[in-house]
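Please read through the structure below; I'll follow up with questions.
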Amino acid sequence: MSYFLAPSLLSADFLHLGKEVEMINNSEADWLHLDVMDGVFVPNISIGFPVMKQVAQIATKPLDAHLMIVDPQKFIPQFRDLGVNSLSVHYETCPHLHSTVQKIKEVGMKAGVVLNPHTPVELLIDILEELDMVLIMSVNPGFGGQQFIPHSYDKVRRLRKMIDERGLDTLIEVDGGINLERGKLMLEAGANVLVAGNSIFKAPDPLEMIRELKTKI
């Protein structure tokens, strides 16, 4: 089964961030996942552009940015300038979602839409053909290490059916509580991209955990 693994920098040791990024560079991971929070849409603040610029300068994996912020359309050019490969915005923050998606694609990035746990996948039916990726949150956004929400499996299955019925190649990304067991079940449900934070960065051997997430599920 072919899939992408994207370690989430949110769970890294920020006191030694450069070393953590180099660890990902030297791993079997496919992407590097950046969680950007503004303290408004979610009750937490994460990294800003000065930190992301430094990360982008040393990262060798494609950058996958997840914006948990209000008015994400204001910052599309800055993420393009950082060299971000894929940019995902929340359905819940974009009243003009189609326009935001088009702006992301116009500047050369892949466009994704994120759904909070309470937001049904069916709301994407009229924009699904425009999307490169849909990110399903399997925890409530804002903090790492939160409790996994089991109904996320069914949500991925429903989205997989919608994509397959339309003959699309839209990727399904899952973020929240992903470990070896849940990663396997998510892939079986139809996911293509696994975001993992604590299970990697809090592991005794992060490189070995990445290898297991890529080879044992």
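Report the rotationally averaged projected area of segment 162-217 based on its alpha-carbon convex hull, in square nanometres.
4.0 nm²
Would you calculate, for the chain, the mean residue ellipticity at 222 nm contributed by helices, counting each DSSP H stretch of 4 or more residues as -39,500 (n - 2.57) and dividing by all residues, to the nearest 500?
-9500 deg cm²/dmol
How much net charge surrounds Val21 when only other residues with a Cβ under 14 Å from its Cβ are counted (Lys, Arg +1; Asp, Glu -1)?
-1
Under a crude label model (7 Å from the Cα following the beta-carbon direction), how far is His151 from Lys105 in nanometres?
Taking the simple label geometry, His151 and Lys105 are separated by 3.1 nm.
Modelled label-to-label distance, Arg211 and Ile58, 7 Å Cα→beta-carbon offset: nm?
For Arg211 paired with Ile58, the spin-label model returns 2.3 nm.
Further question on the same structure: What size of dipole, in debye to the nearest 20, comes out for segment 4-215 about its Cα centre when the only charges are +1 on Lys and Arg C-beta atoms and -1 on Asp and Glu C-beta atoms?
60 debye
Indicate, rounded to the nearest 5 percent, the antiparallel portion of the DSSP beta bridges found entirely in the chain.
DSSP beta bridges in the chain are roughly 5 percent antiparallel.
For Glu188 paired with Leu17, estimate the spin-label separation in nm (one decimal), with each label point 7 Å from Cα along the Cα-to-Cβ line.
Simple spin-label model gives 3.8 nm for this pair.
List the trypsin sites (Lys or Arg not before Pro) in segment 107-189 that DSSP assigns to loop (not H, G, I, E or B) and whose Cβ has at most 16 other Cβ atoms within 10 Å. Which are they?
Arg166
Throughout, read-outs are computed from the coordinates displayed, never taken from laboratory work. All values reported here derive from a predicted model rather than from experimental measurement. Cβ atoms come from the backbone with ideal geometry, glycine included; neighbour counts cover every protein chain shown.
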